[in-house]
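Scroll down for the structure; my scribbles are underneath it.
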Amino acid sequence: MESLAITLSSRGRRLSGSFFAPNASTPRPGLIFVHGLDSDQYGYQIRARTVTDALDVACLTFDLSGHGASDGVLDDLTPADHLTDLVTAYDALAADPAVDPDRIGVCGASYGGYLAATLISRRELQRLLLRAPGLYNDDQFDLPLRNRRTSGVGAGSTVATRSLARFDGDVLILQSGADEVIPSAVITAYRAACPRARHVLIPGAPHQLTEAVMRQRFLDEIVEFFAGL
């Protein structure tokens, strides 16, 4: 496996990323990990290494603008800006000669799950894993995050759920059984948008997976779901 630190440019903002490629002579499937608000790519770098070795896929992790080592002031940025970051990451992965652009999946958590679902309206995906995904009304899409309201306000038709409703790829929704951040109505909205999605409840899990056993459960679900991508 080859691991490279990379830099992406998203409308002039420098994004810090990491690329994990299997030792293969032919293009492999690609998988993008998208972290949540006030987080970074670190935890997903660990998962990406495991997934690359286990599934022989190429993985990309990155810090959204205003997070980790990427440029930007978080409160000045909008969900639209972060979707642009994700599109940038997707395009970089799809263009890499080690990747088959027709076999790309995305794994997003919390706010990253919301962005991943919204990405469907912009790019072609084959599989989508949403862990404890957030949901934001469309009137917040172009507002700076300093004005953000609680995830799930309205929990109805949004660009994320409308995009998911049109998606014909495989979907896995992971719900934390004791999530103190994402209301159950949000998970219900995602499931209603895509009734054929597989839904898995992790009993007793809080929003942030602080216990090793729950982080391992998440990793196991990732490996199982993206096998055969």
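Here, each number is a calculation from the coordinates, and none is a lab measurement. Predicted model, so just to flag it, every value in this text is computed and none were measured. FYI the Cβ positions are ideal-geometry reconstructions off the backbone, even for glycines, and counts take in every protein chain you see.
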> How do T118, T52 rank when sorted from fewest to most other Cβ atoms within 10 Å of their own Cβ?
Replying inline: T52, T118
>> Taking the Cα centroid of the range 159-229 and of the range 1-66, what is the distance between the two, rounded to the nearest whole Å?
In response: 20 Å
> Given the rule -39500 (n - 2.57) for each run of at least 4 DSSP H residues, summed and divided by the residues of the chain, what is its mean residue ellipticity at 222 nm, to the nearest 500 deg cm²/dmol?
Replying inline: -10000 deg cm²/dmol
>> Only sites in a loop by DSSP and with at most 15 other Cβ atoms within 10 Å count here; which trypsin sites (Lys or Arg not before Pro) in the range 88-197 make the cut?
In response: R122, R123, R149, R196
> Taking only C-alpha pairs under 8 Å that are 6+ residues apart, what is the relative contact order of the chain in percent?
Replying inline: 17 percent
> Check V34: other-chain or 5+ apart residues with amide H under 5 Å from its amide H, H built from backbone geometry?
Replying inline: C107, G108, A109
> Based on Cα positions only, what radius of gyration and what Dmax would you give for the range 1-86, in angstroms?
Replying inline: 13.3, 43
>> Within the chain, which whole H helices from DSSP have a Cα span along their axis of at least 18 Å and a mean Kyte-Doolittle hydropathy of 0.0 or more, if any?
In response: 79-95, 212-226
> Stretched out fully, how many nm does the piece from S25 to V213 gain, at 0.36 nm a residue minus the Cα gap?
Replying inline: 64.2 nm
> Using the 10 angstrom Cβ neighbour count as an exposure proxy, how do D63, D220 rank, fewest first?
Replying inline: D220, D63
> Counting other C-beta atoms within 10 Å, which of E221, E180 has the fewest, and how do the rest follow?
Replying inline: E180, E221
>> Normalised by the empirical 2.2 N^0.38 Å for globular proteins, what value does the Cα Rg of the range 2-226 take?
In response: 0.93
